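Here the structure is laid out as structure tokens; the discussion comes afterwards.
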Amino acid sequence: MAKKPEKAKPEKAKRPEKAQRPDSAKQPENAKPDKAAKPDTLWKTPADEALRWVRGTDLSTLDETSTPGWAGKRADGEALLAARAPQLAELQERLFAHGRTGGDRSVLLVLQGLDTSGKGGIVRHAVGMVDPQGVQHRGFGVPTEEEREHDYLWRVRNALPRPGYLGVFDRSHHEQVLVVRVDRLEPVRTWRKHFRELNDFEAEVAASGTLIVKVALFVSPDEQKKRLAERLDRPDKHWKYNPSDIDVREKLPQYLAAYQEMLDRTSTPVAPWYAVPADRKWYARLAVTELLTGALRSLDLDWPPATFDIEAEKARLAAS
Ligand code: ATP
């Protein structure tokens, strides 16, 4: 069970029991041997189970300071994160090799979260552990003029990972039921249709061989304030600050409602959402690394066999 915050806010409760899974839950059967055996055992509930969104959970009860599933301390988490690097890199390389030899699998990591929720840090610290040649990263901002000439999924389709690639979306097609809803950029009857469209689209993407992992990061209003203050105080962080961040902050209740409905209505078996508390950056980075490692492992990809006669090639090399 996630720890209570030291300064518990009266309206906040711990994550509901139903979002937790038994301690005995195991890694997938096809899990490869784990070198980081000791810190790994500090996952009392695997990240995949502790964080997977359970439809109907009240998002306002999520404790952004909690570390669901994780029984260790920060130092343990950082140790496991470091230990995961070679594993994650190898799994991603297997995926890349698979794509190079005609395979159709790919992985898409979708990151959603308000400003300062740490999306960039996840990309640097979790995704940054793998070979950048195998990553297709795409950020989705306010649609450009060209993008506005097409339907909202056009730019998303163009950014989908090719076979063998790990795709990373920093914000995504889900903005269509977040900022578009909160800022009333479309009439209600239009954006309401998007829930169904998003699910149909993701079902199609999954059917084509892409494993989708969707992560929603949640930072508390207090922590967000601290992070924004730091951006204002430090010259090296001014470039990250956008005055519109304060406007978004003033609409937090509307965003909470929009996120609640997005999670409830677009978490599907082929494209589940994981709700990650993000006040502790080390935890969010570790959790996403675990989700990514688990997703890549679940593909169970072996190294592709040689398409040449190994012995004959060795002989040729020796003679060369
Ligand atoms: P971030 O805050 O993610 O670090 P940023 O401040 O650098 O990003 P951009 O990535 O250029 O800015 O754009 C993000 C902004 O684009 C967000 O305010 C987001 O709500 C907005 N946005 C994304 N998709 C849409 C959309 N479909 N319609 C309108 N606004 C969108």
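Please tell me if Ala216 is open to solvent by 10 Å² or more (accessible area, probe 1.4 Å), in contact (Cβ under 8 Å) with a residue 24 or more places away in the chain and in contact with a Ser or Thr (Cβ under 9 Å, 6 or more places away or on another chain). It is false that Ala216 is open to solvent by 10 Å² or more (accessible area, probe 1.4 Å), in contact (Cβ under 8 Å) with a residue 24 or more places away in the chain and in contact with a Ser or Thr (Cβ under 9 Å, 6 or more places away or on another chain). The condition (being more than 30 Å from Asp300 (Cα to Cα), in contact (Cβ under 8 Å) with a residue 40 or more places away in the chain and among the β-branched types (Val, Ile, Thr)) is satisfied by just one residue among Val248, Val156, Val188: Val248. Of all the numbered requirements in (1) part of a helix (DSSP H, G or I); (2) among the β-branched types (Val, Ile, Thr); (3) touching a Gly at 6+ places or on another chain (Cβ under 7 Å), Thr45 misses one, and that requirement is (1).
When each of Asp222, Asp200 is tested for being assigned to a helix (DSSP H, G or I) and closer than 21 Å to Asp115 by Cα, the lone residue that passes is Asp222. Within region 163-196, if we keep just the residues that are among the aliphatic types (A, V, I, L, M) and within 9 Å of the ligand (Cβ to nearest atom), the residue that is nearest to Glu261 (Cα to Cα) turns out to be Leu178. For region 54-75, which residues satisfy the criterion of being touching a Lys or Arg at 6+ places or on another chain (Cβ under 9 Å) and in a helix (DSSP H, G or I)? Those that are touching a Lys or Arg at 6+ places or on another chain (Cβ under 9 Å) and in a helix (DSSP H, G or I): Ser60, Thr61, Arg74.
All of Phe218, Phe201 fail the test of being under 18 Å from Glu175 (Cβ atoms) and either out of contact with any Asp or Glu (no Cβ under 9 Å at 6 or more places or on another chain) or hydroxyl-bearing (Ser, Thr, Tyr) (or both), apart from Phe201. Determine, yes or no, whether Asp200 is among the charged types (D, E, K, R), away from the ligand (no atom under 16 Å from the Cβ), open to solvent by 50 Å² or more (accessible area, probe 1.4 Å) and at pLDDT below 95. Criteria not met by Asp200. Of all residues in region 163-194, exactly one satisfies the criterion of being charged (D, E, K, R) and part of a strand (DSSP E or B), namely Asp170. The number of residues in region 133-162 that are closer than 19 Å to Glu204 by Cβ, within 11 Å of the ligand (Cβ to nearest atom) and outside any loop (DSSP other than H, G, I, E, B) comes to 3. Scan region 236-288 for residues that are more than 16 Å from the ligand (Cβ to nearest atom), part of a helix (DSSP H, G or I) and open to solvent by less than 10 Å² (accessible area, probe 1.4 Å) and the total you get is 4.
The values are calculated or read from the model by the stated rules, or taken from the named source; none is laboratory data. In this text, all values refer to a predicted model and were calculated from it rather than measured experimentally. So basically every Cβ, Gly included, is an ideal-geometry build from the backbone, and we count neighbours across all protein chains shown. Heads up: the accessible areas ignore ligands, DNA and RNA and are worked out on the full protein's heavy atoms, side chains in. Shrake-Rupley method; radii C 1.70, N 1.55, O 1.52, S 1.80 Å.
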